[in-house]
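Written below as structure tokens is the structure these notes are about.
The values are calculated or read from the model by the stated rules, or taken from the named source; none is laboratory data. Remember, predicted model here, so these are calculated numbers, not experimental data. Methodologically, a virtual Cβ is constructed for each residue, glycine included, from the backbone with ideal geometry; neighbour enumeration extends over all protein chains shown.
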Amino acid sequence: MARPPRFDSDQILDAAVRLAAAGPGAVTMSAVAQAVGAPSGSVYHRFSGRTALLAEVWLRTVERFQAGYFDALQSDPDPRRAARAAARHVVVWSRAHPHEASLLLYGAEEFGQSEWSEEHRDRADAGNRRVFASLRELGTALGATGPLDRERVALALVDLPLTVVRRHLRAGDTMPPYAEELAEASAAALLALGPA
């Protein structure tokens with residue numbers, strides 16, 4: 001009977017996430033192996049090289065964020081409350097996962113997206129399409145029909161909440177206790193939403 005592996009993919013990716021919070025350049029095969037206390041061969045056994053490792057670090061993080069974001073977007077049949085929940089989720093998730101949130105501030109390009117495998121690019125594209133479709137659907141429910149209105153929805157539910165957390169994450173500060181309320185109220189004001 002084969003001995004179970006001592007280091008699984010999630011342990012390796014967790015170590016890579018902690019390194020990546022300082023910048024994608026910090027994620028090397030040897031640095032990850034050292035961080036997890038594994039021989040380099042354990043990392044290469046699960047990831048063919050640095051490009052594959054960076055793709056998985058990025059995609060796992062984005063997909064975990066998106067899972068909660070989609071839940072928030074669909075959390076309430078009232079689109080006003082769903083919009084507020086989505087803006088709040090960005091801050092709540094970032095507070096609960098500061099390393100992952102810091103990683104996402106860099107962008108996929110800085111994680112070598114141009115060199116990713118077709119499978120990795122397809123996963124990223126599918127997630128992005130799902131986000132944009134969900135935002136369009138919610139925007140339509142809110143009455144956003146034209147290009148300006150659709151931009152306002154994206155600004156309110158993506159860019160603005162990220163701005164609330166970005167400054168604190170980049171400075172290594174703890175987010176203030178009112179950050180969730182600030183993101184939610186600012187998004188509601190931008191979308192001219194009445195009380196939930």
* Structure fact -> Checked pairs for the range 22-40, first closer than 17 Å to Glu56 by Cβ, second not in a helix (DSSP H, G or I), C-beta under 6 Å and 6 or more apart or across chains, list as Pro24/Tyr106; Val36/Phe7; Ala38/Phe7
* **Matching residues, the range 134-146, being within 17 Å of the chain's Cα centre (by Cα) and farther than 17 Å from Ala188 by Cα** => Ser134
* Have a look at Pro39, Pro77 and point out the one that is within 24 Å of Glu137 (Cα to Cα) and either more than 22 Å from the chain's Cα centre (by Cα) or at pLDDT 90 or above (or both). => Pro77
* **One residue from Arg121, Arg152 being closer than 28 Å to Ala15 by Cα and of a type in the set (Lys, Arg)** => Arg121
* To do: Considering (1) in contact with a helix residue (DSSP H, G or I) (Cβ under 8 Å, 6 or more places away or on another chain); (2) assigned to a helix (DSSP H, G or I); (3) at pLDDT below 95; (4) surrounded by fewer than 18 Cβ atoms within 10 Å (Cβ to Cβ), say which one His168 fails and leave the rest.
  => (4)
* Structure fact -> Per the filter on the range 93-111, residues surrounded by fewer than 19 Cβ atoms within 10 Å (Cβ to Cβ) and either among the acidic types (Asp, Glu) or in contact (Cβ under 8 Å) with a residue 24 or more places away in the chain (or both) are Arg95, His97, Pro98, His99, Leu105, Tyr106, Glu109, Glu110
* From the list Ala35, Ala16, pick out the single residue that is part of a helix (DSSP H, G or I), farther than 30 Å from Ala154 by Cα and among the aliphatic types (A, V, I, L, M). => Ala35
* Restricting the range 138-154 to residues that are surrounded by 14 or more Cβ atoms within 10 Å (Cβ to Cβ) and among the charged types (D, E, K, R), which is modelled with the highest pLDDT? -> Arg152
* Asked: For the range 104-161, how many residues meet the condition of being in contact with a Gly (Cβ under 9 Å, 6 or more places away or on another chain) and farther than 14 Å from Ala82 by Cβ?
  -> 8
* Among the residues of the range 139-165 satisfying the criterion of being of a type in the set (Gly, Ala, Ser) and in a loop (DSSP other than H, G, I, E, B), which is farthest from Gln74 (Cα to Cα)? -> Gly146
